[in-house]
Amino acid sequence: MIAYFDGRFMPKDDICIRPDDRGFLFSDSLYEVIRYYPGRLFRPEAHIRRLNHGARHLALSCKDFSFLIPVVRDLISQNHLESQDALVYIHVTRGCAPRNHPFPVPDPEPTLYVCVSPFDPSARERSRHTGIHAITVPDIRWSRCDMKTTGLTANVLANQQAAENGAAEAIFVRDGVLMEGTHSNFMAVFDNIVTTAPLSNYILGGITRETVLEICQKSDILTSESPIYENRIHLASELMITGTTTEVTPIVALNGRPVGNGKPGPTARALQAAYADLTSL
Ligand code: PMP
């Protein structure tokens, strides 16, 4: 596969990451994952906006990564993926410098890595059809979850815990409130109102979350961006996660207890259909 690294297109296998890269040493770095549907890159501008948000808050020397959109399109065609499903991965680090916590002076050149890979959506489609099991875990992450940094230790540990419990996702609980999943946002339906955590420093502003809220608005489905309390979760008729690869996936059991009648509900089905309309040409 051809990838993009520090301003050049080159075979992915030829790329060398230097050991003094601050992304490697400190996770002083940001990433994005963008979905490519046959013939269509899905909302690249929104992903770049989120990357720019992180870059501003990390005070990276580069604060506008919109030049990457043509790079991504170029990679799709160089790798002959135009008519396939694919995933785009973007990784930006502060750059290389001898290991020391403060920002290096002068600013190093950020390290930039972009790759694309074919994506087989069939397993995700099955999960969307059947629904998934999820567990809740304490949110041990830091307080800047709005930045998509590569510091994902807590997410990795929580998702592993889910896997060991036969679940596909873990939902982080902070101070009695269900925030989001390890790689997804979280939504619950209470009295026909699609409810999701409000944007804050404690969750990632998901592009799929934003898209689903837009769909709700257009389809006259009521929404509420408000806290989802752990002690009220049994009152939800439906639960779901949203994300670039998961799209809209119903949760049919939480901590081993069925959600509603234990089957994907009508709101999830309606949102899935509307989402599929947006992603198909
Ligand atoms: N929250 C977290 C922690 C995530 O890792 C992701 C996946 N990027 C999301 C939410 C969903 O974001 P998006 O819809 O942009 O994929």
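The values are calculated or read from the model by the stated rules, or taken from the named source; none is laboratory data. These numbers come from a predicted model, not from an experiment. Quick reminder, even Gly has a Cβ in these numbers, built from the backbone with ideal geometry, and neighbours come from all protein chains shown.
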Quiz item: With respect to the numbered conditions (1) among the acidic types (D, E); (2) in contact (Cβ under 8 Å) with a residue 40 or more places away in the chain; (3) touching an Asp or Glu at 6+ places or on another chain (Cβ under 8 Å), which one is the sole condition not fulfilled by D107?
Solution: (3)
Self-check item: Flag for A163 being surrounded by fewer than 21 Cβ atoms within 10 Å (Cβ to Cβ) and either among the aliphatic types (A, V, I, L, M) or within 11 Å of the ligand (Cβ to nearest atom) (or both)
Solution: yes
Quiz item: Of the residues that make up the stretch 170-181, is at least one within 14 Å of the ligand (Cβ to nearest atom), free of Cβ contacts under 8 Å to residues at least 40 places away in the same chain, touching a helix residue (DSSP H, G or I) at 6+ places or on another chain (Cβ under 6 Å) and not basic (K, R)?
Solution: yes
Quiz item: Is it the case that some residue within the stretch 251-265 is within 19 Å of the chain's Cα centre (by Cα), modelled with pLDDT of 95 or more and not β-branched (V, I, T)?
Solution: no
Quiz item: Can you pull out the residues in the stretch 28-73 that are among the basic types (K, R) and over 15 Å from V114 (Cβ atoms)?
Solution: R40, R43, R49, R50, R56, K63
Practice problem: Under 8 Å between Cβ atoms, at least 6 apart or on separate chains: pull out the pairs that start in the stretch 68-90 with a residue that is among the basic types (K, R) and end on any residue that is surrounded by fewer than 20 Cβ atoms within 10 Å (Cβ to Cβ). | Solution: R73/L41
Quiz item: Quick check: is even one residue across the stretch 149-159 more than 16 Å from the ligand (Cβ to nearest atom) and not hydroxyl-bearing (S, T, Y)?
Solution: no
Self-check item: I241 being within 11 Å of the ligand (Cβ to nearest atom) and over 21 Å from L51 (Cα atoms)
Solution: yes
Quiz prompt | helices (runs of 4 or more DSSP H) enclosed by the stretch 67-164 - at least 2 residues per element that are within 16 Å of the chain's Cα centre (by Cα) | solution = 153-164
